[in-house]
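One structure below.
The values are calculated or read from the model by the stated rules, or taken from the named source; none is laboratory data. Please read all numbers here as calculations on a predicted model, not as lab measurements. No Cβ is skipped: glycine too gets one built from the backbone with ideal geometry, and neighbour counts run over all protein chains shown. Quick note on the areas: whole protein, heavy atoms, side chains included, nothing else; ligands and nucleic acids left out. Shrake-Rupley method; radii C 1.70, N 1.55, O 1.52, S 1.80 Å.
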Amino acid sequence: MITLTDIGITFNAHTPDENEALKHINLKIQRGDFITVIGSNGAGKSTLYNIIAGTLLPTYGTIVLNTGNEDIDITRDKEYKRAKYIGRIFQNPLLGTAGKMSLEDNMVIASKKGFKGLKISLNNKMREQFKEELSRLNMGLENRLNDNVEQFSGGQRQALTLLMAVMSKPDLLLLDEHTAALDPANAEIVMELTRKFAEEYNLTVMMVTHNMQQALDYGNRLLMMDAGEIVFDLAEKEKEGLSMNDIIEKFQKIKNKSFTTDRILLQ
């Protein structure tokens, strides 16, 4: 569905601070994949996400999106152009919703993918549809359509952000440590909603996490990054039954260097 071919990016080229943050990345994301991504700080995970989302443009390489009907080269497309294909949820639960707007207004924006132009008139049919969707969160938000979102807890806002992202039907959903700022109870709720929505809607998902257990428990593929490279990409059958120690041993064999759990900030 999305193919990255020989992607790389260098910051501060030809200076003493030159940093090749990504190096010759080749990655094919298939429709329906749920890919978990692990690696230490500075491994290149966020840079890879920024390249896919269009926040950063690569120094070299190509990115091609297959819509089902045609292949589109999106390598040089800016973030706002890719937004109709790619959704993203950040670690901070405040970033995915407009706090000063009502819940129903947030839902309208999500359902129309940020529609700009003529004012959209809410009606009872739309409100009932929103209530039905919100009830799936089991948080009572279906009864709070007129409340401003800033009144909700971090867990409620992140669950709402996830639901809104699903409603917009992205070709690819990027989850950037989307439960890291939540308490354990809310993190578990949001992760189970993530699993539920991914399965029901056949979403294509990439999830960066520092939580090794999440990386092992969720998804059908596991990527590890190190020093701007994908050091391994495990398919579902290879991933099944792996433990944290198995991952560490595999990394040691590939990189042939001393390695401890704090290298990838495991939780």
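A simple rule links phi to the HN-Hα coupling: the Karplus curve 6.51 cos²θ - 1.76 cosθ + 1.60 with θ = phi - 60°, which for the stretch 42-59 gives x, 6, x, 5, 5, 5, 4, 4, 5, 5, 5, 6, x, 5, 10, 9, x, 6 Hz, with x for Gly and Pro.
Counting only protein heavy atoms and a 1.4 Å probe, the chain has 50 square angstrom of accessible area per residue. Between the helical axis of 244-255 and the dominant principal axis of the chain, each derived from Cα atoms, what acute angle in degrees is found, rounded to the nearest 10? The answer is roughly 50 degrees. Backbone N atoms of the stretch 30-70 closer than 13 Å to the 7 Å Cα→Cβ label point of residue 77 belong to residues 52-55, 63-70. Applied to the stretch 88-96, the Karplus parametrisation 6.51 cos²θ - 1.76 cosθ + 1.60 on θ = phi - 60° returns per-residue 3J(HN,Hα) values of 9, 10, 9, 5, 6, x, 7, 7, x Hz, with x for Gly and Pro. Residues whose amide H comes within less than 5 Å of that of residue 2, counting only those at least five positions distant or on another chain, are 29, 66 (H built at 1.01 Å from N in the peptide plane). For residue 207, enumerate residues with amide H under 5 Å from its amide H, sequence gap 5+ or separate chain, H modeled in the peptide plane. HN-HN under 5 Å from residue 207: 35, 36, 37, 175. Length available on full extension from residue 136 to residue 59: 0.36 nm per residue minus the Cα-Cα distance, which gives 23.5 nm. Amide H contacts of residue 226: 231, each under 5 Å away and 5 or more positions distant or on a separate chain (H built 1.01 Å from N in the peptide plane; Pro and chain starts excluded). For the stretch 1-150, the share of accessible area belonging to carbon and sulfur comes to 47 percent (1.4 Å probe, ligands and nucleic acids excluded).
Per-residue Karplus couplings for the stretch 188-198, computed as 6.51 cos²θ - 1.76 cosθ + 1.60 with θ equal to phi - 60°, are listed in order as 5, 4, 5, 5, 5, 5, 4, 4, 4, 5, 4 Hz, Gly and Pro entered as x.
The residues 72, 247, sorted by heavy-atom accessible surface at 1.4 Å with ligands and nucleic acids left out, run 72, 247 from largest to smallest. A dipole drawn for the chain from +1 and -1 charges on Cβ atoms has a positive end, and of 59, 41, 252 the residue lying farthest that way is 59.
Pairs exceeding a 31 Å alpha-carbon distance, out of 23/237; 196/253; 112/196; 81/239; 45/253: 196/253; 81/239.
Under a model in which nothing but the beta-carbon of Lys, Arg (+1) and Asp, Glu (-1) is charged, the chain shows a dipole of about 660 debye around its Cα centre.
Within the listed set 240, 18, 192, the residue fluctuating most in the Gaussian network model of the chain (springs between alpha-carbon atoms under 10 angstrom) is 18.
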